[in-house]
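Here, each number is a calculation from the coordinates, and none is a lab measurement. Treat the numbers as computed from the prediction; the structure is a model and nothing was measured. Don't worry about glycine lacking a Cβ; one is built from the backbone with ideal geometry, like all the others, and counts go over all protein chains shown.
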Amino acid sequence: MKRRAWQLGVLVCAVAAFTSGCDSARTVQSDEPPAATSAAAEAAVRYLALGDSLTQGVGAPDESTGAFPALVAEEWRADGCEVELQNAGISGYTAGQILAEQVPQIEEFQPTIITFQAGGNDIANGVPIDEYRNNVKSVLESATGSGARVIVLAQNEWFRSPVGVDYGEDMDSQRAAYDEVLIEEASAHGAEFVDLRPVYKQQADDGQWVEDGLHPTPEAYQAWADELTETVPAPCK
């Protein structure tokens, strides 16, 4: 299927995989008791963010620090958590691409908390809603099946941006229908839906878009992080 040119951006980010190993042939004996695990290690949060350009942070001057997952992680750190973040978000990705290329990172990274946001690129590329539902279902099955706490976020009001308004008619109702699928599947799979749609609406009303005419401003991403951490307080507490 041919994609629309804008696809919520076309940037690509590299994602690191974390692995560990041990030497099973070596046995160490000691009369000393094992060292106590530090409180910081016990409280460590491993945060994996799945999504598209909105998760990647397109529009932030520095995506590594200005994407909403990075801002959320920083707020949790300020509240006393040890947080390791892996932001898998890649611009232009549909739910199917997230399933194929980002979900495998769940097994590799072993997260304790996952955020998942998708939908705009599915609409932009004409992905049928039933196909979108199947992909969302599979993403959430893997995410919740890992034992991590899973937070689901709706897409923002990209269709009201200077670029989005020219995309086509009836985008509002399409967005609502795809969001409803996301909400239904989140509920069915034991994930948590955090509703930022009132924030998205206010930001669209205020015209909080960067120069590309499509993505949110750094201030908008900060507001997402603030709202999200208010709903999901520091998970190490």
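Quick look at the numbers
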| quantity | calculated |
| --- | --- |
| Extension gain, K237 back to I129 (0.36 nm per residue minus Cα-Cα distance, nm) | 35.1 nm |
| Extended-chain gain in nm, criterion 0.36 nm per residue less alpha-carbon gap, D62 and A188 | 41.8 nm |
| Set of the stretch 112-128 residues, backbone N closer than 15 Å to the point 7 Å along the Cα-Cβ line of V163 | 120-125 |
| Scattering curve values for the stretch 39-231, log₁₀ I(q)/I(0), Debye with Cα scatterers, q = 0.08, 0.13 Å⁻¹ | -0.23, -0.63 |
| Separation of alpha-carbon centers, the stretch 109-129 and the stretch 134-150, rounded to whole Å | 11 Å |
| V210 paired with A100, simple spin-label distance in nm, labels 7 Å along Cα-to-beta-carbon | 2.6 nm |
